[in-house]
1. Quick one: Phe35, Phe51, fewest Cβ neighbours within 10 Å first, how do they rank?
2. So how do 173-185, 22-34 stack up, highest first, on mean other-Cβ count within 10 Å?
3. For the stretch 60-195, how big is the tail of P(r) above 23 Å, as a whole percent of Cα pairs?
4. Test of understanding: what is the full-extension gain from Asp42 to Asp86, defined as 0.36 nm times their sequence separation minus their Cα-Cα distance?
5. List every DSSP H helix in the chain whose Cα atoms extend 27 Å or more along the helix's own long axis and whose mean Kyte-Doolittle hydropathy is at least 1.6.
6. Can you give me the relative contact order of the chain as a percent, contacts being Cα pairs under 8 Å and 6 or more apart?
7. For the chain, set up a Gaussian network in which alpha carbons nearer than 10 Å are linked by springs, and say which option among Leu95, Leu191, Leu199 fluctuates the most.
8. Considering amide H positions built from the backbone, and no H for Pro or chain starts, which residues 5 or more places from Gly152, or on another chain, come under 5 Å of its amide H?
Amino acid sequence: QFKETVYLDKLSMISQMAASIAHEIRNPITTVRGFIQFLHKDTNDEKLKQFAPLILEELDRTNKIITNYLKLTKPSETDFSKVEIDTVIKDSIELLRPLGMYDNVTILYQGSGNHYVYADEHHLKQALLNVIKNGIEAIEHGGYVKVTKRPGDDKNTVAIEIEDNGKGMNQTQLETIGLPYFTTKSKGTGLGSMITNRLIRDMNGKVEYESKLNKGTKVLIILPTIEMK
Ligand code: ADP
Ligand code: MG
């Protein structure tokens with residue numbers, strides 16, 4: 001319990017610091033962009049004519065990265081309502097099917113019964129997308145990501161299992177997953193799992209990871225359900 005508290009404090013400190021730095025970087029970038037555009041407009045300098053568009057493009061890219069990052073660290077306002085999770089799971093899978101196909105990964109779904117949770121639908125979808133995407137990315141030469149929805153072991157809960165037969169994680173990786181900036185991918189951010197954990201926790205749920213190196217990973221998302229009348 002104590003460890004968890006310290007970890008969360010550290011986490012919010014890091015993301016607050018990063019967010020304010022990102023904010024401050026944006027202003028000078030906007031100024032530089034304005035000047036380049038101004039110089040580029042009525043110049044006879046061939047080199048400036050040739051390279052200004054590239055500079056502008058890169059500045060825009062930087063801005064986009066910062067905007068996306070800020071969105072990640074500060075998840076938008078929550079909007080809780082009664083959500084039927086079958087639809088959310090299916091939507092998430094359909095969104096990722098093209099990526100799966102590209103990577104030779106089949107995404108399967110099996111769900112029984114109707115389960116309603118009190119949640120922010122977009123956040124739930126974001127959490128599922130993060131986990132399923134990790135599953136796809138863990139598979140190197142084709143495989144599957146199997147999503148299963150079933151009643152949870154505890155009363156009034158639902159369990160969503162996301163299982164892949166990818167490269168799995170070793171003990172150290174398993175202990176580190178969810179810490180900000182922990183990534184083993186060349187283009188990873190190491191933020192996905194941290195955000196997933198936080199979003200699910202905000203819905204009073206929990207996320208558990210099981211993994212075997214070279215065998216695969218199983219992520220278990222458990223959410224409290226609400227009674228339907
Ligand atoms: P990112 O995907 O950007 O690396 P995440 O927070 O989503 O960031 O994941 C952190 C790390 O956890 C990944 O880089 C990977 O090493 C490990 N990981 C997460 N999910 C899986 C999985 N399904 N199989 C194997 N490793 C995983
Ligand atoms: Mg990820």
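1. Phe35, Phe51
2. Values: 173-185: 15.2, 22-34: 12.0.
Highest-to-lowest ranking by the protection proxy: 173-185, 22-34.
3. On the way: 3791 of 9180 pairs.
Tail of P(r) above 23 Å: 41 percent of Cα pairs.
4. The Asp42-Asp86 span can extend by a further 10.1 nm.
5. Details: long enough: 2-41 (59 Å, 0.10); 46-73 (42 Å, -0.31).
Result, helices passing both filters: zero.
6. Details: 335 pairs, mean separation 38.1, N = 229.
For the chain, the relative contact order is 17 percent.
7. Of Leu95, Leu191, Leu199, the most mobile in the Gaussian network model is Leu95.
8. Thr157, Val158, Ala159
Just so you know, all these numbers are worked out from the coordinates, no wet-lab data involved. Since this is a predicted model, take the numbers as computed values, not measurements. Ideal geometry is used to build each Cβ from the backbone, glycine not excepted, and the neighbour counts take in all protein chains shown.
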